[in-house]
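Asker: Here you go, one structure.
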Amino acid sequence: MAQLTIIKPNGQIVISRDSLLFYPYGGFLTNGNAFYSIFSDLEGCQQRLQPFDITQKKPSYFDRAGIVLRSNGNCTLSPLWDHILETQLECDDGVFHGWTDDNHFIALQFTDGNHALEHEC
């Protein structure tokens, strides 16, 4: 499992957790499904803010090119809710992270579904 967290320049936070697959013909990790996301600014009942409401998760990346992670750290994301995001991921303490040119912060951490996996970068 991988947890992908994006902080947009306006402060909105988007969190996705799903499986990444190795695509052998391109030599990269990618999503194999819609990779649903939850958002920090969702409104629920009676227009009240209900951040990260799991019942309001939305598909974020439809095809296998929605998320592309290369072994050199290059990361390209094509979310349905934003423009294409590109960054060069660095790694500290098992968390891969990077900034896009337009100030989106991207963090990626591999998990066992519940907890972060301990590994070196």
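Asker: For a protection proxy built on the mean count of beta-carbon atoms within 10 angstrom, sort 73-82, 17-26 highest first, please.
Answerer: Output ranking for 73-82, 17-26: 73-82, 17-26.
Asker: Write down the Kirkwood hydrodynamic radius of segment 2-110, to one decimal in angstroms, obtained as one divided by the mean of 1/r over all alpha carbon pairs.
Answerer: Mean inverse Cα-Cα distance, inverted, gives 14.3 Å.
Asker: If you take the charge dipole of segment 2-110 about its Cα centre, with +1 on Lys and Arg Cβ and -1 on Asp and Glu Cβ, which of Gly94, Gly26, Leu108 is farthest toward its positive end?
Answerer: Gly26
Asker: Counting Lys and Arg as +1 and Asp and Glu as -1, each charge on the Cβ, what is the dipole of segment 2-110 about the Cα centre in debye, to the nearest 20?
Answerer: With only Lys, Arg, Asp and Glu charged at Cβ, the dipole is about 340 debye.
All of the numbers you see were taken from the coordinates with simple rules; none came from a lab. It should be emphasised that the depicted structure is a prediction, and the values quoted were computed from it without experimental measurement. Positions of Cβ are generated from backbone atoms using ideal geometry, with glycine treated the same way; all protein chains shown enter the neighbour counts.
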